[in-house]
Amino acid sequence: MIERQRPHSKVSLEDLLRLKRAERPAPEFWAEFDAQLRRKQLAAIVDKRPWWRRLSTASLARISIPVGATAVIAFTLVMVRERTQSVPGNAPITASAAVSSSSSGSTKPTHTIQSSEADVAGSLVAASDHQAALVTTNASAMTAPASVSAPDRSLSGNNDSVVAIEDAPETSLAQVILGLEGTTESDARPQFQSDAVPLLASLDVFGSASAHDPSSLESSPLTQVSAPRDDRRARLLASVDTQDRGDLVSGNSRVVRSRERIANRLAEQSLYDSISRLGLNGDSVSIKF
Amino acid sequence: MSVGLKSLAKPLVGSPERQHEADSDWQIVQKVQAGDVAAFDRLIVKYRERVYGVIYNMAANREDAADLAQDSFIKAFQSINRFQGQSSFFTWLYRIAVNSTLTHLRKARLRSFFSFEKIHEEDKSAEIINQLTDKKGADRELFVKELQEKLNEAMLKLSIKHRTVVTLFEIDGLSHEEIAEVMDCSVGTVRSRLHYAKQLLQAELQSYTQS
């Protein structure tokens, strides 16, 4: 068809390109064009805020309340945590140790530490972070096989062990030594009364197995602590027992002299052991297990 | 007043019509710059078809041409305070439109979708079509449609810059100097591009043109 028209064509390339001028939209197109342009123009007139201003006004306005509440909660938690952490370090458990001297002539005087419920509860929070419940225990007494008069005794510790027992200034080292003196290996272990067991159980310091059974305290870390050179002490005591049996046969004077010598050696040994485990620091005495 | 305007507005074209047109545009621009926003509508009505035509012949898509033309007017409106009258307003407006279209075509190079306007047979166009065919009725419409497809196909074979030069020179009637100003290139570059583009078009449309 085009080939058939070619002999009649007298147009140039410029004429063909001018046909492109005739490619125009219909008149009604311009009404829509003007309407759209008007909308865009009005939208362009509206001042566009910078993105940081939109962020600050829109986004921060939405999240301001949650962020504020979270900040307050976080601040409160931090303050409470700092306060609870500062309590055991600055003011450890103040236990009024009412030492009851050995009544009825017993060689095992009970060392009673009475703690107020509030102090115990406060120390519990510091001792175990993961233990949320406040344990109100009626830890009325904790007996130790020591004839030590300790009016104030502080027990500070964490999850692992009892670190130190701070004595009052008036507690003399000699008294502590005497308390350790004359005790056998089994006596050296503190014997906790049944009232103190819930306290230890709540502390979760010595294990849960020994918490409710007093007899199981033998397996607790505190009771498993043995004084150094116990073997030697046991060996000496065994020899004393042997000698006791021999006293029936041999003379009493020899026996008495031998026992005195052994007793002196034991006292010296206990003194050395106590000194090595006791640390005097100002007005407090720390015991190392 | 007019003397001062002429000293500011220095259109490159020397024809009295273009000079008068540039002065008229400059007055309107000054009104818009003074705060008369409605005065800009006169510029829109005056140049919307030409701007749309340039963009349409470059993009070969009527929808994109409408959007780009509107965006060009919006950009011109937003930047009207920076127009100092160093060139004619329509040259400045063309520059905005051409640059927007070039940016759009570069982005949408892989997305080629074409939609064409219908050729309105008027005095000049009808005469050209009559020279090409003597058909009437539906056959004539079919011939015109086929011719239009061939024309646009040949135009689309040109590069964007060559297509722009051809559009501005052959279709819109701008001078070499004006095209150079719009495309921010030298007049020699415009002539070179125009010559090369016309050679390609001649080869593509030789079946319609004089041998």
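At-a-glance table
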{"quantity": "Any hit, the stretch B:73-83, residues being within 22 Å of B:Val166 (Cβ to Cβ) and within 14 Å of chain A (Cβ to nearest Cβ)", "calculated": "no"}
{"quantity": "Residues satisfying the stated conditions in the stretch B:134-157, i.e. buried (at least 16 other Cβ atoms within 10 Å of the Cβ) and modelled with pLDDT under 80", "calculated": "B:Lys135"}
{"quantity": "Flag for B:Ser125 being more than 21 Å from B:Ala97 (Cβ to Cβ), among the small types (Gly, Ala, Ser) and in contact with a strand residue (DSSP E or B) (Cβ under 7 Å, 6 or more places away or on another chain)", "calculated": "yes"}
{"quantity": "Residue list for the stretch B:180-211, filter: within 14 Å of chain A (Cβ to nearest Cβ), open to solvent by less than 30 Å² (accessible area, probe 1.4 Å) and part of a helix (DSSP H, G or I)", "calculated": "B:Leu194, B:Ala197, B:Leu201"}
{"quantity": "Helices (runs of 4 or more DSSP H) enclosed by the stretch B:82-161 - at least 1 residues per element that are under 14 Å from B:Asp64 (Cβ atoms)", "calculated": "B:89-107, B:137-156"}
{"quantity": "Some residue of the stretch A:86-99 being at pLDDT 85 or above, assigned to a helix (DSSP H, G or I) and farther than 30 Å from B:Phe73 by Cβ", "calculated": "no"}
{"quantity": "Qualifying positions in the stretch B:170-179 - open to solvent by less than 10 Å² (accessible area, probe 1.4 Å) and more than 14 Å from chain A (Cβ to nearest Cβ)", "calculated": "B:Glu178, B:Ile179"}
{"quantity": "Filter result for the condition that a residue is surrounded by 16 or more Cβ atoms within 10 Å (Cβ to Cβ), modelled with pLDDT of 85 or more and part of a helix (DSSP H, G or I), over A:Phe29, A:Phe33, A:Phe75", "calculated": "A:Phe33"}
{"quantity": "Every pair of residues 6+ apart whose Cβ atoms lie under 7 Å, when the first sits in the stretch B:112-139 and is without any contact (Cβ under 8 Å) to a residue 24 or more places away in the chain while the second is surrounded by fewer than 16 Cβ atoms within 10 Å (Cβ to Cβ) and in a loop (DSSP other than H, G, I, E, B)", "calculated": "B:Gln131/A:Lys10"}
{"quantity": "Flag for B:Ser115 being farther than 30 Å from B:Gln27 by Cα, in contact with a Leu (Cβ under 7 Å, 6 or more places away or on another chain) and either modelled with pLDDT under 80 or open to solvent by less than 30 Å² (accessible area, probe 1.4 Å) (or both)", "calculated": "no"}
{"quantity": "The stretch B:18-43, residues that are under 22 Å from B:Leu174 (Cα atoms) and either of a type in the set (Asp, Glu) or not in a helix (DSSP H, G or I) (or both)", "calculated": "B:Glu21, B:Asp23, B:Asp25"}
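The values are calculated or read from the model by the stated rules, or taken from the named source; none is laboratory data. All figures in this text were calculated on a predicted structure; none of them were measured in a lab. No Cβ is skipped: glycine too gets one built from the backbone with ideal geometry, and neighbour counts run over all protein chains shown. Just so you know, the surface numbers come from the protein's heavy atoms only, side chains and all, with ligands and any DNA or RNA stripped out. Shrake-Rupley method; radii C 1.70, N 1.55, O 1.52, S 1.80 Å.
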